[in-house]
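Okay, structure first, notes after.
Laboratory data are not the source of any read-out in this text; all were calculated from the coordinates shown. What you see is a predicted model, and the numbers here were worked out from it, not measured in a lab. Methodologically, a virtual Cβ is constructed for each residue, glycine included, from the backbone with ideal geometry; neighbour enumeration extends over all protein chains shown.
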Amino acid sequence: MSAQVRKRIVIVGLGAVGALAAWRLSQRDDVEVVGIEQYGKVHDRGSYAGESRVFRTAYHEGGRYVPMLQESRRLWRELEQHSGRELYLEVGALSIAQPDRIEMRTTLDTVREFDLPHTLYDTEELRRAHPKHNVHDGDVGVLDHHGGGIRTEVSLMAALDLAEAAGAQLRFHTPVLAIEEEPGGVVVRTPTEAIRADTVILASGSWSTRLDPRLHDLLRLQVLGLTWFMPTDIADFLPERFPAFLRDVGPVHFFGAPSLDGYSIKASSNPTWPVARDVDEVPREYTRHELAKIGQQAKEFFPSLNPEPVRSSVHHCAYTPDRTPIVDVSESERVVTVTGLSGHGFKFAPVLGEWAARLATQPGGAGIDPHFSLAAHLDRLATVGPYRGGGH
Ligand SMILES: Cc1cc2nc3c(=O)[nH]c(=O)nc-3n(C[C@H](O)[C@H](O)[C@H](O)COP(=O)(O)OP(=O)(O)OC[C@H]3O[C@@H](n4cnc5c(N)ncnc54)[C@H](O)[C@@H]3O)c2cc1C
């Protein structure tokens with residue numbers, strides 16, 4: 001196909017969704033891909049930042065996501081093979097909780113419904129198999145064999161490098177100021193240019209409300225933090241022995257990953273910060289009080305951890321009221337929106353990137369779950385109101 005008839009698709013934001021959409025689109029020879037990112041190539045301000053994210057297929061958020069996760073897993077592997085980089089550590093994801101906990105019950109529901117590869121543990125089996133965890137009396141565990149950790153920054157670099165190698169034009173340090181539909185196309189305005197596109201993919205994460213006022217009532221920013229602690233015995237926390245984990249006790253959701261740096265493990269708890277409306281309201285650091293509290297939790301869940309964090313960072317993510325992502329195409333089919341990944345969306349980035357690519361190239365949207373459309377979200381917003389915080 002000649003270059004003149006290629007469809008020009010501009011991706012706004014090259015974070016998790018945007019980078020993966022750029023990779024998927026760059027494989028097609030009928031489109032010209034332009035990606036625009038306000039910061040540098042793989043920076044430290046996106047919702048993806050912080051070394052790794054937990055991947056799971058046994059999913060307490062519900063069975064709706066399981067086929068998406070299975071497809072994502074396949075695509076993570078494909079990205080890994082194409083890039084030659086290690087991105088996806090399939091070390092398992094271990095959920096520990098009391099058996100009547102809603103998270104445990106819904107996780108087990110998805111295991112049964114989709115026949116997911118797993119190991120179940122009663123309290124004593126759990127203590128024997130995972131001795132680094134302080135297992136509470138009555139706790140049960142389920143190890144999701146397809147779970148583990150994904151290296152976030154490395155994954156984005158892999159996707160962006162492959163997209164550029166396939167001809168995508170990626171522009172960094174270029175903020176998009178406005179997206180304007182006009183007859184026959186869309187104009188993307190930056191401080192120096194007006195870029196014409198056939199279709200735009202809005203993948204601007206926590207910044208999305210600045211570019212699309214329709215999202216203003218729907219999205220809230222949850223402040224989320226990460227902490228790393230040093231164990232006395234690092235060998236027992238390396239990926240070959242220690243799965244990613246999730247623990248739910250009372251109001252505390254504690255999660256983490258095996259050591260990727262060789263001296264500390266990521267072990268973090270859900271946040272107590274109030275929700276924000278704009279990224280500028282998000283604090284850049286933890287308070288000492290908050291760090292001390294998480295340190296005590298870390299020590300309680302893992303007695304061999306030193307409770308002083310050796311690393312910590314504060315991030316944010318755009319949340320919808322029911323924590324389902326927004327995947328939408330405008331009536332004109334010229335603006336595709338993928339945002340509101342609600343604190344659990346990194347694992348889906350390849351599938352959401354692929355969906356964005358399909359919505360941008362195939363009229364009618366090609367079978368995307370209508371539950372994720374903007375109209376469906378706005379309907380639900382009318383009954384439940386905006387996200388108020390406290391979720392994880
Ligand atoms: C601390 C923390 C822990 C998490 N844990 C998990 C986990 O264990 N598992 C999991 O699956 N998910 C997890 N998540 C959620 C996941 O990381 C996010 O949902 C995901 O990264 C969001 O992707 P995104 O593409 O929407 O946003 P981002 O990755 O933030 O990308 C948005 C990009 O758009 C750019 N941009 C914005 N506005 C503009 C503009 N006007 N012009 C140009 N560029 C622009 C930004 O600079 C950014 O690069 C966690 C999130 C956090 C913060």
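Take region 252-392, compute every pairwise Cα distance, and split them into 10 Å bins from 0; I just need the percent in each bin.
It works out to 10, 31, 29, 19, 9, 1, in whole percents.
Taking the Cα centroid of region 313-392 and of region 32-72, what is the distance between the two, rounded to the nearest whole Å?
12
For the chain, state the semi-axes of the equivalent ellipsoid (square roots of 5 times the eigenvalues of the alpha-carbon gyration tensor), sorted largest first and rounded to whole angstrom.
36, 21, 21
Are there GluC sites (Glu not before Pro) in region 1-103 that DSSP marks as loop and that have at most 14 other Cβ atoms within 10 Å, and which are they?
Passing both the DSSP loop test and the Cβ count: E86.
For helix 349-361, what angle does its Cα long axis make with the longest principal axis of the chain, in degrees from 0 to 90 and rounded to 10?
Between the helix axis and the principal axis of the chain, the angle is about 20 degrees.
Report, to the nearest 10°, how far helix 102-114 tilts away from the longest principal axis of the Cα atoms in the chain, using its own Cα long axis and a range of 0 to 90°.
For helix 102-114, the angle is close to 70 degrees.
Compute the distribution of all C-alpha to C-alpha distances in region 1-54, in bins of 10 Å from 0, and list the percent of pairs in each, rounded to whole numbers.
Values per bin, smallest distances first: 24, 44, 24, 8, 1.
List the residues of region 140-160 whose backbone N lies under 18 Å from a point placed 7 Å from the Cα of Q70 along the Cα-to-Cβ direction.
The answer is 144-148.
Taking only Cα atoms of region 83-210, what ratio of Rg to Rh do you get with Rh as the Kirkwood inverse-distance radius? List each step's numbers first, then the result.
On the way: Rg = 23.0 Å, Rh = 19.2 Å.
Expressed as Rg/Rh, it is 1.20.
Taking only the alpha-carbon atoms of region 191-308, what semi-axes of the equivalent ellipsoid follow from 5 times the gyration tensor eigenvalues under a square root, in whole Å, largest first?
Numbers: eigenvalues 264, 68, 33 Å².
Equivalent-ellipsoid dimensions as semi-axes: 36, 18, 13 Å.
State the antiparallel share, in %, of DSSP beta bridges confined to the chain, rounding to the nearest 5.
70
Can you sort V42, V5, V327 so the residue with the fewest Cβ neighbours within 10 Å comes first?
Final ranking by Cβ density, sparse to dense: V5, V42, V327.
What are the semi-axes of the equivalent ellipsoid for region 31-123, taken as the square roots of 5 times the Cα gyration tensor eigenvalues, largest first, in whole Å?
Result for region 31-123: semi-axes of 31, 16, 14 Å.
Given charges of +1 on the Cβ of Lys and Arg and -1 on the Cβ of Asp and Glu, with all other atoms neutral, how large is the dipole of the chain about its Cα centre, in debye to the nearest 20?
Numbers: 42 positive and 52 negative charges, 78 e Å.
Here the size comes out at about 380 debye.
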